[in-house]
Every structure is written in structure tokens, then in C-alpha cells.
Amino acid sequence: MIERREVALAAPAVGKAEADALRDVVDSGWITMGEAVRRFEHAFAQRHDMEHAVSVSSGTAGLHLSLAAFGLGSGDEVLIPSLTFVACANACWYTGAKPVSVDIESVDRPHMSLSDAQDRLTSRTKAVMVVHYGGWLCPMEAWRAFAREHELILLEDACHAPALNGVAAQGDAAVFSFYGNKNMTTAEGGIVLTHNPDLAGRIKRLRNHGMSASTSERQVGQNFTYDVTDLGFNYRMDELRAAIGLVQLDKLLDWNRYRVALLQRYRAAFAASGSGVTLPFDGLEATAGHLCPALLPNGVNRKNLMQALREAGVQTSVHYPPIHTFSYYESRLGSQKLPKTETFAARELSLPLHPGLELEDVDYVVEQLTSVLNSHGGGYNR
Ligand SMILES: *Cc1c(COP(=O)(O)O)cnc(C)c1O
């Protein structure tokens, strides 16, 4: 009899160092955008070898501000994968631009398909938003060439891939999220990286109501008043979150390495399990290890499987229900078929992956999953 374990899907790694950083901010008496935000932006840019970083209140805010700063609006189209978090599509609508859903390459390479993207180009296509799904880097040389050929803006949704080699380098901007289940967290928060100083300046203004100078800049500088040059938003980050971010950033590389080691353990264990379960992106080493997406054999009743795993203490999820199948999106865009995305999404099961796991937790998850799949008659086959 295997000893029962409780294995969470994801868990924030926060503790005393984060609590100390919060106390320091409280003691300093300045809690909105200030020195910690500036230090965090500088450190995050440096970690990625980038010149400009603008921190914001969420990854979604970062996507919205990037698209707005690029000047996207009504009549424009943005190519996005359907296999991503709904925020990608929502951010397009916020600007008035239309998100155009693109299929994946294959169930073994669930990145947005370059050839399907090509097929969906129109005279209105202005931008393409690639998503480093699960933490695996998209083929960025190819996407850069595609964007150059068709004169498109190239935006990276890098919410799954902080500190990954090659991330943010090719895009016109790259957006990261620090939500509680991401590789590093500030509870809520996000950041935009870019090589382009003008774009960074526009995003900075737009995050702060379109104002020409922020409160802290007026405090220290010669600006005693301000102009409003654009219709902006309040998408600011604050000192408390930035202080947590600085602590988390220091640990990010070690965490990413450990996540990759856990993924390798999953891959080896499934290969030896006889379960028929596979992991996509086999042979693609470049990953930040954000998700462990497993591909179930054909015909498995995933709902029953998830319930059985829950009873065994194992939390699982699905990444993602495809955007083009949501009722809101169908009501605006009509019904659409993306066969590979639909197949992948129907068979995908996200398994626990976070730095709080032990290697033995991975073995336990694979054992439980295999034993449920092998218990025929349990209703796990449709
Ligand atoms: C988390 C996430 C977002 C949104 O980030 P928030 O900080 O939650 O707004 C966008 N895209 C992807 C792929 C994500 O995983």
C-alpha cells in the first residue's frame, strides 16, 4: 500500500524574506510607486538583458498597455493562439482590436502554428501575440521573420517564461505576470520588457492616467504640476509588491531549474509507466517549467480521472479550455473549428508542478494516474 500524499497543483513560495521586505516598506513610510518599484524594474530588466522594464498591476494590464501603446484599435486584428489564458483575447478587445484565434502546431507541439497564422492574415492584421505555453520558448527566429515579412508587431506573452534564455529578445515587447501561481509572484502584478525607449515611455504614461510625471517624480524633481497627454489607466505597481518581487527574483533561476528537474522526473516516470500518457515538447529543452501538461490516451474520461486523483490527494487542472469555444467569444466571432487545439485541449491534464514538491511527489502522481487508468471498468474509458 502506497502512503497517501497531498500534492497541490501550484503553490506560491513565500516566507520570512518576503515578510521582512514588506515590513521594510511599511517602515519606510512610502508605499506607492517609488524606490522599490524602480529597483525591481531595473533588476528584472537586467536579469533578461533588456534595457527597459515597466511594472504594472497584472499581466493582463501589461498586455492591454502594450497593445494600446502600439496604437492598436478598432478595425485592427491580432493573431493569438486559442490555447492560452483568456486574458490574451480580452486585452485585444479592450483596445477595440479583434483577436483572431490560431490553431496549434500539433498535440506534441502545442505552440501557436506559424502556417495556420499565415492562413489567417488579412489586410487588417497588425500584430501577432505568441505565448510561450507552459514555459517552452516559441521558435522566435521564425516568428520574428514572419512579423518582419508581414510588417506586424510581435508581442510575447511571457507569463509562463520568466528568466528563460531567449525570452523577450525578439519581441517588440514581452509581458510577464506575477500572479500567485506563476514561477515568481508578487500576489498580483506584471511587467513589460522592451528594447524600445519610446514604447517604454508610452507604457509608463498609460499606466498612470496618461500623466506626464508621477507623484514620486514630482516629489523629487522640478515638476510641480503635470499634463495629461493620453487617455490612460491606473495600472500601477506598488512598493509592497515590488519589494516581494525583488526577493522572489533572486530565487527565480534556482526555482526554474528545479521545475525542469521535476519535469524530467515526470517524463522518465511516464515513459516507464505503461500508462500511455505522454508529455508534449519532447526534445525541446528550452523551458521555464511553468506547467506540466500531460497528454492522456484517446478515450479517457478526464472528469472521472480528475475526481479519482482528487480523492488520492492529487490536484490537477486543464490548460486551457480554448478561447474560441467560450460563449462570449462565439457570440462575437461566430463558431470556429481549430481541430488540433480542440483535440489537445480535450486530452490535456495539467499535473502538479512547483518548487515545494519533492521528487517522490512526482512518482506518487504518476503511480496514482497510472493505476487509475489501468483500473478498467472504473468508468475511465468513455
Ligand atoms: C496568468 C496569465 C495571464 C494574465 O496574467 P494576470 O497577472 O493574471 O493578469 C496572461 N497570459 C497567460 C498565458 C497567463 O498565464
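The values are calculated or read from the model by the stated rules, or taken from the named source; none is laboratory data. Note that the structure is a prediction, hence the values are computed from the model and not measured. All Cβ positions, glycine included, derive from the backbone under ideal geometry; neighbour counts span all protein chains shown. The area values use the complete protein model at the heavy-atom level, side chains included, leaving out ligands, DNA and RNA. Shrake-Rupley method; radii C 1.70, N 1.55, O 1.52, S 1.80 Å.
Go through the range 161-183 and give me each residue that's surrounded by 24 or more Cβ atoms within 10 Å (Cβ to Cβ) and either away from the ligand (no atom under 16 Å from the Cβ) or closer than 13 Å to Leu252 by Cβ (or both).
To start, the set of residues in the range 161-183 that are surrounded by 24 or more Cβ atoms within 10 Å (Cβ to Cβ) comprises 161-162, 167-168, 171, 173-178, 183.
Correct list: Ala161, Pro162, Val167, Phe176, Phe178, Asn183.
Restricting attention to the range 77-124 and to residues that are open to solvent by less than 10 Å² (accessible area, probe 1.4 Å), away from the ligand (no atom under 15 Å from the Cβ) and in contact with an Asp or Glu (Cβ under 6 Å, 6 or more places away or on another chain), the residue that is farthest from Ala294 (Cα to Cα) turns out to be Ala97.
Would you tally the residues in the range 248-265 being of a type in the set (A, V, I, L, M, F, W, C) and open to solvent by less than 30 Å² (accessible area, probe 1.4 Å)? I'd like the intermediate steps shown before the answer.
Kept after step one, since they are of a type in the set (A, V, I, L, M, F, W, C), are these residues of the range 248-265: 249, 252-253, 255, 260-263.
Those still in the list that are open to solvent by less than 30 Å² (accessible area, probe 1.4 Å) too: 249, 252, 262-263.
Number of matching residues: 4.
Right, Arg259: without any contact (Cβ under 8 Å) to a residue 24 or more places away in the chain, under 24 Å from Asn165 (Cα atoms) and touching a Leu at 6+ places or on another chain (Cβ under 9 Å) or not? Spell out how you get there, then give the answer.
Values: without any contact (Cβ under 8 Å) to a residue 24 or more places away in the chain: no; under 24 Å from Asn165 (Cα atoms): yes; touching a Leu at 6+ places or on another chain (Cβ under 9 Å): yes.
No; evaluated as a whole, the condition is false for this residue.
The condition of being under 22 Å from Phe176 (Cα atoms), within 25 Å of the chain's Cα centre (by Cα) and open to solvent by less than 80 Å² (accessible area, probe 1.4 Å) holds for Ala45. Restricting Gly232, Gly201, Gly245, Gly210 to residues that are modelled with pLDDT of 95 or more and within 16 Å of the ligand (Cβ to nearest atom) narrows the list to Gly245.
Selection of the range 266-305 for residues being in a loop (DSSP other than H, G, I, E, B), open to solvent by 10 Å² or more (accessible area, probe 1.4 Å) and within 16 Å of the ligand (Cβ to nearest atom) yields His290, Leu291. Among the conditions (1) closer than 18 Å to Pro81 by Cα; (2) aliphatic (A, V, I, L, M); (3) open to solvent by less than 20 Å² (accessible area, probe 1.4 Å), Ala346 misses just one, which is (3).
Filtered by the rule that a residue be more than 28 Å from the chain's Cα centre (by Cα) and open to solvent by 90 Å² or more (accessible area, probe 1.4 Å), the range 1-25 gives Met1, Glu3, Arg4, Arg23, Asp24. Being open to solvent by less than 10 Å² (accessible area, probe 1.4 Å), more than 19 Å from Tyr235 (Cα to Cα) and touching a residue at least 24 places away in the same chain (Cβ under 8 Å): is that true of Val54 here? Here the answer is no, as Val54 does not meet what is asked. Go through the range 306-326 and count every residue that is open to solvent by 10 Å² or more (accessible area, probe 1.4 Å), over 26 Å from Val131 (Cβ atoms) and aliphatic (A, V, I, L, M). Number of matching residues: 2. Taking the criterion of being within 10 Å of the ligand (Cβ to nearest atom) and surrounded by fewer than 19 Cβ atoms within 10 Å (Cβ to Cβ), the only residue of the range 188-198 that qualifies is Glu188.
Of all residues in the range 135-152, which are in contact with a Ser or Thr (Cβ under 9 Å, 6 or more places away or on another chain) and buried (at least 19 other Cβ atoms within 10 Å of the Cβ)? Lay out the reasoning, then the answer.
From the range 135-152, those in contact with a Ser or Thr (Cβ under 9 Å, 6 or more places away or on another chain) are 135-137, 150, 152; that's our starting set.
Of everything in the range 135-152, those that are in contact with a Ser or Thr (Cβ under 9 Å, 6 or more places away or on another chain) and buried (at least 19 other Cβ atoms within 10 Å of the Cβ) turn out to be Gly135, Trp136, Leu137, Leu152.
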